[in-house]
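Single-structure report; data block below.
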Amino acid sequence: MYPHVYADVGLTLGHTGAHAAAVLAEFLELTPFGKLLFSTDAYGLPELYTVGSAVFRTALRTVLDGWTHTGAWSYEDAARIAALIAAGNARRVYGLGDGL
């Protein structure tokens, strides 16, 4: 709806723990895939970046594995969407290119 607005799931996933996959699934159902950005929303302790990344990876794998297993998504679509959210969207939005 608004070309300059993007959704960042970092803060949300970091506070949902075991429900991170369910929360991420809702984001994927409500947000256009090209508008969803990964972040850890970490600050201060270096460990928070590691935990945020691990929670995101685990949640995304859980959601996409479930959707591909049921046939809702193809493996190719799941891989494409994962690449967009994990890095592609941020590269496009911030003009970072592909060679990081």
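Applying the criterion of being of a type in the set (Phe, Trp, Tyr) and surrounded by fewer than 18 Cβ atoms within 10 Å (Cβ to Cβ) to the residues of region 28-63, the residue that is nearest to the chain's Cα centre (by Cα) is Phe33.
Apart from one condition, Ala42 fits all of (1) outside any helix (DSSP H, G or I); (2) among the hydrophobic types (A, V, I, L, M, F, W, C); (3) touching a residue at least 24 places away in the same chain (Cβ under 8 Å); (4) out of contact with any Leu (no Cβ under 8 Å at 6 or more places or on another chain); the exception is (4).
For first residues located in region 1-25 and within 16 Å of Lys35 (Cα to Cα) and among the basic types (Lys, Arg), partners that are at pLDDT below 90 and surrounded by 12 or more Cβ atoms within 10 Å (Cβ to Cβ) and lie 6+ apart or on another chain with Cβ distances below 9 Å do not occur.
Taking Leu28, is it part of a helix (DSSP H, G or I), without any contact (Cβ under 8 Å) to a residue 60 or more places away in the chain, touching a helix residue (DSSP H, G or I) at 6+ places or on another chain (Cβ under 6 Å) and not polar (S, T, N, Q)? Can you show your working first?
Working: part of a helix (DSSP H, G or I): yes; without any contact (Cβ under 8 Å) to a residue 60 or more places away in the chain: yes; touching a helix residue (DSSP H, G or I) at 6+ places or on another chain (Cβ under 6 Å): no; not polar (S, T, N, Q): yes.
No: the conditions fail for Leu28.
Please enumerate the residues belonging to region 64-100 that are β-branched (Val, Ile, Thr) and either surrounded by 14 or more Cβ atoms within 10 Å (Cβ to Cβ) or at pLDDT below 95 (or both). Let's see the steps before the verdict.
Step one: filter region 64-100 for residues β-branched (Val, Ile, Thr), giving 68, 70, 81, 85, 93.
Matches in region 64-100: Thr68, Ile81, Ile85, Val93.
Looking only at region 58-70, which residues are farther than 16 Å from His19 by Cβ and not β-branched (Val, Ile, Thr)? Within region 58-70, Leu64, Asp65, Trp67, His69 meet the criteria.
Among the numbered conditions (1) polar (S, T, N, Q); (2) surrounded by 15 or more Cβ atoms within 10 Å (Cβ to Cβ); (3) under 26 Å from Gly95 (Cα atoms), tell me where Thr16 comes up short. Thr16 satisfies every listed condition except (3). Restricting attention to region 1-13, the residues that are in a loop (DSSP other than H, G, I, E, B), surrounded by 15 or more Cβ atoms within 10 Å (Cβ to Cβ) and not aromatic (Phe, Trp, Tyr) total 1. Filtering region 53-86 to residues that are touching a Leu at 6+ places or on another chain (Cβ under 7 Å) and touching a residue at least 40 places away in the same chain (Cβ under 8 Å) leaves Val55, Phe56, Ala59, Val63, Ile85. Scanning region 38-90 for residues that are of a type in the set (Val, Ile, Thr) and over 16 Å from Thr12 (Cβ atoms) returns Thr50, Thr68, Thr70, Ile81.
Looking only at residues that are of a type in the set (A, V, I, L, M) and not in a loop (DSSP other than H, G, I, E, B) in region 45-58, which one is farthest from Ala82 (Cα to Cα)?
Looking only at region 45-58, we keep the residues that are of a type in the set (A, V, I, L, M), and these are 45, 48, 51, 54-55.
From what is left, the residues that are not in a loop (DSSP other than H, G, I, E, B) are 48, 51, 54-55.
Details: Leu48: 22, Val51: 19, Ala54: 14, Val55: 14 Å.
Step by step, filter region 45-58, then rank; the result is Leu48.
The values are calculated or read from the model by the stated rules, or taken from the named source; none is laboratory data. Being a predicted model, the structure only gives us computed values, none of them experimental. Positions of Cβ are backbone-derived with ideal geometry, glycine not excepted, and every protein chain shown enters the neighbour counts.
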